[in-house]
Every structure is written in structure tokens, then in C-alpha cells.
Amino acid sequence: MSSKGRTRILRAAIVGTGAALLAVLLGFTGVLEEAELSSYDMRVRAFASEQDEEDEVVLILVDQESLNWALETQKQPHPWPREYYSFITRFARRADAASLTFDVLFTDDSFFGVGDDIRFARSVEEYGRVVNAAFYGQETGTHERFPDYVDPSTASVELEGFPEDLVPSLSRAFFPVPEISEASARIGNVNIMPDSDGVYRRAPLVGEFDGLGVPNLALAAYLESIGGRSLEFSADGRSLRVGEREVPLDAQGRLITRFDSLYQDRTRLSAAAIIQSEARLAGGAEDPPPVDPEELEGRHLVVGYSAPGLLDLRPLPTGSEVPGAAFHAAMLENLLSGQFMREPNTGIRFMYMAVLAFFAGFLAAVTRGSFLTALSLAGAALFPVIAGTAVYSLGLWLPIVVPAAAGTTGAAAASVWNYATEGRERRFIKGAFSQYLSPAVIERLLDDPSRLQLGGERRELTIFFSDLQGFTSLSENLTPDELIQILNQYLSEMTDIVTGAGGTVDKYEGDAIIAFWNAPLDVPDHPAVAVRAALQCQRRLAEVRPEFRERVGKDLYMRVGLNTGEAVVGNMGSKDRFDYTMLGDAVNLAARLEGNNKQFGTYTMISGATASRLPEEIACRELGRIRGVGRIEPVQVFEPMSREDYDAERERFEAFAEGLKRY
């Protein structure tokens, strides 16, 4: 690896490490936490879909329609008599629902007297599968211990030990009134706290009150459905065994609620419709009930408020104003289905963010060119999004914003560093050499600018010399502007062919072009490539010859000499000004061949060293031998042409070859 390459790798490693450290810092400080949470909500909404099957958990909501029905037909404003909830309870029993959970606090005596509480409690006791709500907190509550009328087996769970960092300590509580507490099958905590941005995404399944573990409302409903009470935390605290179910928890011991459907797609029934249905069925009315009890058979029912005036609308990932009962319903459905969201532990999460950020910065630092730089920046931003979105469907919550932010910052820093260091050098090289080096050669120099230092190497080259026949006398009849225009067009046409074939233009001398192949880039078949380029130059000149004749009044012909041999090639000149050029006897011979076209009446002449390396599709006829200056042995020279051109005049060429042989 060149020193330039090693420097680039070192710079990439520095940038990548900086990006990784930035990711860790952002993760620890939590400055992007709200953006991270919002990105999670976007995934929730993207993957939530309409339910193809019946929901296992159904919402029964005291909605605005229910309030209007009670007020208009029963002349009953809210709060309702608890008799209304008795109708709902009896309907759940009639439907043989799996359970009935109230996300409603019955902590104060009914406005309609104790008889109202007793009637509701009786329906709860008769059904036997009803879960009611308590409120546990730190400062709010009328009880600091379980009151006598609350059976600990109803309101608590069996939990060995209370990990202080996983089980919140709850010091005060509100419980349902005695009649309802005593009749309830289970009692669960409805007090949940939102994340830092105010959105409800997760909740602890269990807390500690009066020395006992108390379940949240969803867990209480689930325990009622399986008939269990015992819980057990795993050794690392990242899961909770509930019966046979292993429930994953986040680092704070909370269940991350998985929302597989939007709130509006969940099965929802109006409380008024349930009350009317029970009234008709109980009274033997002939009219069919608004809700068929068979629809709810074996399903879990959660009762809550959705009317705006009842103040139980909360921001969830699925919407900004969703009934709190929908959150408890989603948690209960997670427990019933065993489909959970998981979050990697802190170490793995930080390692993941650091690795993504490192590679984003590293790759941006080793790439070159505006397109690849833009691609690396886009990749740094998009890959965490793609990865985080892909694994969400598998129930895994991976961070997106932090690795994307750190990776993009690292990639941007790498791009700026590349521009400040290599960019200036690259622009200089392109500007200085693009006029006479092929794009491939320029890229080689950009990869290793050390080649621009003074010095050279001995290499086998195929050397190209060309000159326009009689151009000196022709130029005397042209104005300077006309001469420059003609010369520039001619040189451009020929140079495009030479550099397009991978050749390097050494220099221009008036109308002469000097070029070579196989340096600084390797061209394994350089003799054939150079000869093909020379023949293509002759064909192109023939195509534009009529145009030049109209402009200068004379046909333009080009003589070309090609030789293959060793030469010294490299940057030669002073330390401030130099050319990438060649020296040696092979170079002199190529120049001699160009001039010897005059004696043989040809326009393209190659040496025997070049001819011996040509494939069959390039035909050659031997012209004779010439003695170069300083050479003892004569050199065979040939005229190359396409196989078609040779076949067209085969008779004449064979006659010439026979004469040459006899000579």
C-alpha cells in the first residue's frame, strides 16, 4: 500500500473513532432522546395495520355518543349511576367474555347512595372475572397500607425480592370503595407515567406497596385469565416470568408496549350500545340488541373513557389523543399473545450505535469523488433508518437518530477533511495534466501523487510519433488565427483517439504529436493498442480531409512512426517545473520511423519489434530495412493495415514482397 493509501486509512480510522465516540456521548447525554422517541413512533404508525382477525381485547368506551344518549333519553348527566356499569357487567357475563376490566376509578361512594354501589358490586361478584382499578402513587392517595376491605391476594402478586432499580416503590393509594373492592376478582394499578416527551409507550408491570408487589391493570387482567399470582425477575432484570410467559423488559424494568394496530382499527363498542343491549335482552324485548353477545364470547373487555370532557385522552405512539384504556388494552393483548417489543441492553445498544457511526465516518473518509462522498453521506443517514425499520417488524427497538446523527456528522467531517487535504491536490493534478494525460492516468496519479516527484523508471513502451506532411509550407499561406484553428481541430481529433485508447500524450511540437503506451499505467497488449490507435487516427483524418481541403485548399496527410522497446519514463525537469516524458534509443527510433515514411511512400510505419507483437486481425507488409543513427544492425520496418485493406490489394503486396525477398 502506498504512503498515500496508509495516510487515508489512518485518517479514516481517526474520523470513524471520533464518530463512534460522538454516538456514545449523544447516547449518554440523551440530547437526542425526544427525536429518538419520535422515530420510534413513526415506526409504530408505519407498521400498525388494520386487524384481519377479531381483536382478542375489545374496548367498551364511554364516548360522547354514550353521554348524549344518557342525557337525552335518561335525563342522566355524567357521572353515571354505577347501575349503568352493572348493565355492562351483566352483558359481559351473558356473553361469556373471558374477562372484564374497568379502567375507571370507583374510589368514592356513588352519588346515588350505597345501594348503587351494592348493586354494582353484586353484578361484579356474580360474574367473578372482573378487574377493577386502584391508583398507586408517591404523594397522592388516602391509604398508606392496604385497608381491611382489600384482600391482599386480590390486589397483590407473589414476588420474591424487590429489585430497587426495577420495581418502583409506591407509598400511597386510592382503592375502590369497600363493596366493589371486596367483590373484585383482581385489582390493578392504573397510574402510568409517560416518557420524557409526554407520550405513553411503556409501563412497569409491577410496583411495591405496603411490602407487597402490586400489578398494573393489564397484568392484573392477564393474571386473572391464567389464574396465577407468582412473578419472577430474571437474574439480569431484563425479563419477568409470569406463569409460563417470559416478558421482556427495558433497562428500567418496564414493558415496552407493542401496538400492532392503530386505535381507530381496534374493535370498539359504545358503552351506551352495551347498556341498551343488556336492557333489551334482560327485558325480553323483541327488537334485536344493538350488540350481539355472541360477538364478545371468549374475548377480553376493557371499559374506559373516550369522551373529551372525561379527561382520559392521552398521547400514544398511535395518536395524540387516545383513550387511556387503549394503552391498557394493548398491554393486555401483548401479554395474551406473547408478542412483545424488545430493546437491547445498554451495552449492546451503545456498541451498535458506535459501530454504525464508526463505519459511516470511516467509509466517508476513504471514498473520493463527489458522487461517492454524497453516497457515503446518504448511507450514513439512511442505513440506521433502514436497519431500525427492518428489525422493528421482528419486535426489536434499535436506535435510529443517534447513530444517524453521529454517522452523518462523522461523514461530513471526513468529507471536509478530504476536501481540505486531498481536494486541493487533486484539483491541481487534474487541472495541470488533463490536457495531455488520459483520464485513467490522471486517476492513477490521484491515487498516488508521489509519482509526480522527480525521477523515472525503465519500462517497455510503444512510442508514437506523428507529423503532418508539408504543414510548414502550408502554414505560410494561412493567417495566425486560421493556422491555430486548423491545428487545434486536428490535434484535438487525434489526441482524443490516443488518450481514449489509454495512451499518454508526451508533448506537442507544432503539428507533431508524441505519445506512448504502458506508462504510468500498465497496458499488457500495448503494441496492438497503439497500432490500432494509429490506424484509427489515419481513418479519422481521411474522414475530415475534405473539410480541411475546403479551408486550406490542400489535402492533409499524417505520417506516423511506432516502435516498441525499453525507455526511461518519468517526471523530468526542475523541482518546480517538470514533464512526464521519455528518453532512450527506442524513442529515437520511433521518431526516425515517422520520417522514413517519405522514402517508402507510406503514412504509417512500425518497427519489427512492434509488428512481432500484433494479433492476426492487424495485417502487416514488410517494407524493408533501415539503419538508425548509432545502430550497427538494420531494423526491419513494416506498414500495418486492417485485414480488409490488405486483402483488397493482396496481389500488389505479394508481388512487392517477392521483389523484396529477391533484393
**Message:** Among M605, A92, P288, which residue has its Cα furthest toward the positive end of the charge dipole of the chain, with +1 on Lys/Arg Cβ and -1 on Asp/Glu Cβ?
**Reply:** M605
**Prompt:** How much length, in nm to one decimal, is gained on full extension between M351 and Q536, taken as 0.36 nm per residue of separation minus their Cα-Cα distance?
**Reply:** 60.7 nm
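Just add up the charged neighbours of A657: K/R +1, D/E -1, any other residue whose Cβ is under 9 Å from the Cβ of A657.
Details: positive: R621, K661; negative: E622, E654, E658.
Value of the local net charge: -1.
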**Item:** Whole-Hz ³J(HN,Hα) from phi, Karplus 6.51 cos²θ - 1.76 cosθ + 1.60, for region 76-93, glycine and proline x
**Value:** 10, x, 8, x, 7, x, 5, 4, 4, 6, 5, 4, 5, 5, 5, 5, 4, 5
**Request:** Mind pulling the angle between the C-alpha long axis of helix 585-600 and the longest principal axis of the chain? Nearest 10 degrees, somewhere in 0 to 90.
**Result:** 60
**Request:** Compare the Cα positions of G211, N189, S156 along the charge dipole of region 147-232 (+1 at Cβ of Lys, Arg; -1 at Cβ of Asp, Glu; about the Cα centre) and return the one farthest towards the positive end.
**Result:** N189
**Dipole axis of region 499-587 (+1 Lys, Arg; -1 Asp, Glu on Cβ), positive-most option in V587, A533, Y557** = Y557
**Message:** Going by average Cβ density within 10 Å per residue, which order do the peptides 282-290, 215-223 take, highest to lowest?
**Reply:** 215-223, 282-290
**Request:** Using label points projected 7 Å from each Cα along Cα→Cβ, tell me how many nm separate F112 and S230, to one decimal.
**Result:** 4.4
**Prompt:** For the modelled label position 7 Å from the Cα of D148 along Cα-to-Cβ, which residues of region 101-122 have backbone nitrogen atoms closer than 13 Å?
**Reply:** none
**Prompt:** Over the chain, what is the relative contact order in whole percent, taking alpha-carbon pairs under 8 Å and six or more residues apart?
**Reply:** 14
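Give the percent of DSSP beta bridges with both residues in the chain that are antiparallel, rounded to the nearest 5.
70
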**Distant-in-sequence amide H partners of S261 (H built 1.01 Å from N, under 5 Å)** = S49
**Complete:** For the chain, longest principal axis from Cα atoms; helix 424-433 axis from its Cα atoms; angle between them, nearest 10 degrees, is 30
**Request:** Enumerate the amide H contacts of T604 below 5 Å, restricted to partners 5 or more residues apart or on another chain; note that Pro and chain-start residues carry no placed amide H.
**Result:** V560
**Message:** Can you compute the charge dipole magnitude of region 122-218 about its Cα centre, using +1 on each Lys and Arg Cβ and -1 on each Asp and Glu Cβ, nothing else charged? Give it in debye, rounded to the nearest 20.
**Reply:** 340
**Fill in**
Treating only Lys and Arg (+1) and Asp and Glu (-1) as charged, each at its beta carbon, one finds that region 205-261 has a dipole about its Cα centre, in Debye to the nearest 20, of 80
**Item:** S337 paired with R122, simple spin-label distance in nm, labels 7 Å along Cα-to-beta-carbon
**Value:** 4.0
**Asked** Each residue of region 179-185 in turn: what ³J(HN,Hα) in whole Hz from Karplus with 6.51, -1.76, 1.60 and θ = phi - 60°, glycine and Pro shown as x?
**Response** 4, 7, 4, 5, 7, 6, 6
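Peptides 614-626, 470-482, 74-86: what's the order by average Cβ count within 10 Å, highest mean first?
Result, highest mean first: 74-86, 614-626, 470-482.
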**Request:** Under a cut-off of 20 Å between alpha-carbon atoms, report the aspartates and glutamates in cross-link reach of K598, not counting same-chain residues fewer than 8 places apart.
**Result:** D467, E509, D511, D555, E622, E639
**Item:** In order through region 506-518: 3J(HN,Hα) via Karplus (6.51 cos²θ - 1.76 cosθ + 1.60), integer Hz, x for Gly, Pro
**Value:** 6, 6, 10, 10, x, 8, 8, 10, 10, 8, 7, 10, 5
**Asked** Using a simple charge model, +1 on the beta-carbon of Lys and Arg, -1 on the beta-carbon of Asp and Glu, nothing else, what dipole does the chain show about its Cα centre, in debye to the nearest 20?
**Response** 4020
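Each reported figure results from applying straightforward, stated rules to the coordinates on display, with no laboratory input. Given the structure is predicted, the values throughout are model-derived calculations rather than measurements. When we count neighbours, we look across all protein chains shown, and the Cβ atoms used for this are built from the backbone with ideal geometry, even at glycine.
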